[in-house]
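Single-structure report; data block below.
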Amino acid sequence: MKRKDYLQNPVKHIKINGTLTVDQLMRQFQGSGSFGAGRLARACNIYEKMLRDKDCTVFLALSGAVVPAGMRALVADLIRARLVDVIVSTGASMVHDAIETLNGHHYKGSWMADDRELYRYHIFRIYDVFVAEEDYVKLDYQLAEMYREIATERNGESISSNEFAWELGKRLKDPNSILRAAYEENVPIFIPAVRDSEFGYIHLLHASQEKQKNILKVDAFKDVPRICEICGKSPRNGMVVIGGGVPRNTVQSAAIAAKKGMDYAVVITMDRPETGGLSGSTLRETVSWGKVKGEADKIMVIGDALVMFPLIVASVVERLGSEFMRTPYLKRGKPAVRRSK
Amino acid sequence: MGSVEKEKRFCGNCSSHNPYEYPARIFCSKRYAQNKEPIVDTLWCCGDWSPVNQDCHCVRDALKKKSGA
């Protein structure tokens, strides 16, 4: 490149004039194009492209405390609006969703609370969010009964984590629930590390019952051909990742197993690449594995997902407008759903 | 276990307890495994009692509630 090539695009200074919509603010960020603002604006552009690409399947990978922090209804709404097609989640996020479905709550708290005192009151802390242990216990009790019901229906046959999520969604009636929304909209949820959450300890409780005829068997290996098939059938694939960990790698690995690589990628994380851990690995590094295509539209947003993700969604939904209708590639031949205004 | 005075043995300070309706009722995982009603009073106790390894306020607050304090 010549010297002048480096000096083509001057930074446009952000102007805040009176009332500004979220998307207008994102456009200002795009004009700046710099640092976190530039990355966030680019993430909006890429997510919008994924949704406008009729041949793209959109994967949402969820890790971290997405639900306790208040993003439960946002994710359920994305499912119902067909703005995500497949979810890959930690077990914990679906546990948190089920807790709220069964009338439990997450409470605003403080990271400075006395943790020994919280222990004595049976209150758990998720940074500055509190949850009462009894909400987990009620979940344990009710889900252990569901496990028994599912195991009886399946008559000892093992099920995939995707089928497990579907069975729970069938039984949880709250329309704001992620599991319920996915069940009703036929959006697959994969929980590859299903035992690494309260789901695992509920299984212990369920299996501990004397004279239990059928013990629920969840086999996460059964998910692998299913998620690879989705990636394989879809002409293009995109991922939006909150955090990283097992959900991010499950999506990426499915793309490479399908011999494709992701065409679009937005990753929101605060992790760093130097440790070699997956959550902080850069998308350039991911290209080296073939999990994301070299020519893919991709961006890593460094920031708190609770701030970044709602901004991205709000901006893109505003751009799409209320008339936008999307038929996911997986649902071709089935009626499209108009988003509510 | 043997050194704990019998009158201080409550479900609310047993190792099998988890709060169900704090502080009055607890969920007993041992009774659940035995197919018995798992939700019992915090201030109840059975022959399978074993001490918790960390104190909580269940018994203290259940006693307060019972006395109307």
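For the protein assembly as shown, the solvent-accessible area of protein heavy atoms averages 50 Å² per residue (probe radius 1.4 Å; ligands and nucleic acids excluded). Once you reduce the stretch A:5-40 and the stretch B:41-69 to the center of their Cα atoms, the two points are 59 Å from each other.
Interface residues of the stretch A:105-151, defined as those losing at least 40 Å² of solvent-accessible heavy-atom surface relative to the isolated chain (probe radius 1.4 Å), are listed as A:119, A:120, A:121, A:122, A:134, A:137, A:138, A:141.
Residues of the stretch B:11-32 that lose at least 20 Å² of accessible area (1.4 Å probe, protein heavy atoms only) when the other protein chains are present, relative to their chain alone, are B:18, B:19, B:20, B:22, B:27, B:32. Computed from phi, the 3J(HN,Hα) profile of the stretch A:68-75 under the Karplus parametrisation 6.51, -1.76, 1.60 (θ = phi - 60°) reads x, 7, x, 9, 5, 5, 4, 5 Hz, with x in place of Gly and Pro.
Segment residue A:115..residue A:49, full-extension length gain: 19.3 nm, with 0.36 nm per residue of separation and the alpha-carbon distance subtracted.
Buried between A and B is an accessible area of approximately 1800 Å², summed over both sides with a 1.4 Å probe. Database remark: amide H of residue A:159 closer than 5 angstrom to the amide H of A:217, A:218, A:219 (H placed geometrically; neighbours at sequence offset of 5 or more, or on other chains; Pro and chain starts carry no H). The sum of -39500 (n - 2.57) across all DSSP H runs of n ≥ 4, divided by the residue count of the protein assembly as shown, sets its helix-only mean residue ellipticity at 222 nm to -12500 deg cm²/dmol.
Pairs of Cα atoms nearer than 8 Å and 6+ residues apart set the relative contact order; for the stretch A:19-338 it is 25 percent.
Only the Cβ atoms of Lys and Arg (+1) and of Asp and Glu (-1) were treated as charged; on that basis the dipole of the protein assembly as shown about its Cα centre amounts to roughly 1400 debye.
Between residue A:34 and residue B:64, the C-beta separation translates, for a Förster distance of 56 Å, into a calculated FRET efficiency of about 0.45. Among the residues of B:38-48, the average count of other protein chain beta-carbon atoms within 10 Å of the residue beta-carbon is 1. R0 = 45 Å: FRET efficiency of residue A:184 with residue B:36, Cβ-based, nearest 0.05? Rounded to the nearest 0.05, the efficiency is 0.75. If the chain linking residue A:215 and residue A:274 were pulled fully straight, counting 0.36 nm for each residue of separation and taking away their Cα-Cα distance, it would gain 17.0 nm. Our note on the geometry: Cα centres of the stretch A:155-225 and the stretch A:42-90, 21 Å apart. For the stretch A:19-338, carbon and sulfur atoms together expose 54% of the accessible surface, with a 1.4 angstrom probe and every protein chain in place.
In terms of packing, defined here as the mean over residues of other Cβ atoms within 10 angstrom, the peptides A:44-51, B:61-68 line up highest first as A:44-51, B:61-68. Taking amide H as placed 1.01 Å from N in the peptide plane, the amide H of residue B:21 sits under 5 Å from that of B:26, each at least 5 places away or on another chain. Based on C-alpha pairs under 8 angstrom that are at least 6 apart in sequence, chain B has a relative contact order of 36 percent. For the residues of A:202-208, the average number of beta carbons from a partner chain within 10 Å of their own beta carbon is 2. Extension gain, residue A:153-residue A:13: 0.36 nm per intervening residue step, less the Cα-Cα distance, totals 44.2 nm.
Label separation (residue A:1 vs residue A:103): 6.1 nm, computed from points 7 Å beyond Cα along the C-beta direction.
The values are calculated or read from the model by the stated rules, or taken from the named source; none is laboratory data. These numbers come from a predicted model, not from an experiment. Because the Cβ atoms are built from the backbone with ideal geometry, glycine has one as well, and the counts that use them run over all protein chains shown. What goes into the accessible areas is simple: the full protein's heavy atoms, side chains included, and nothing from ligands, DNA or RNA. Shrake-Rupley method; radii C 1.70, N 1.55, O 1.52, S 1.80 Å.
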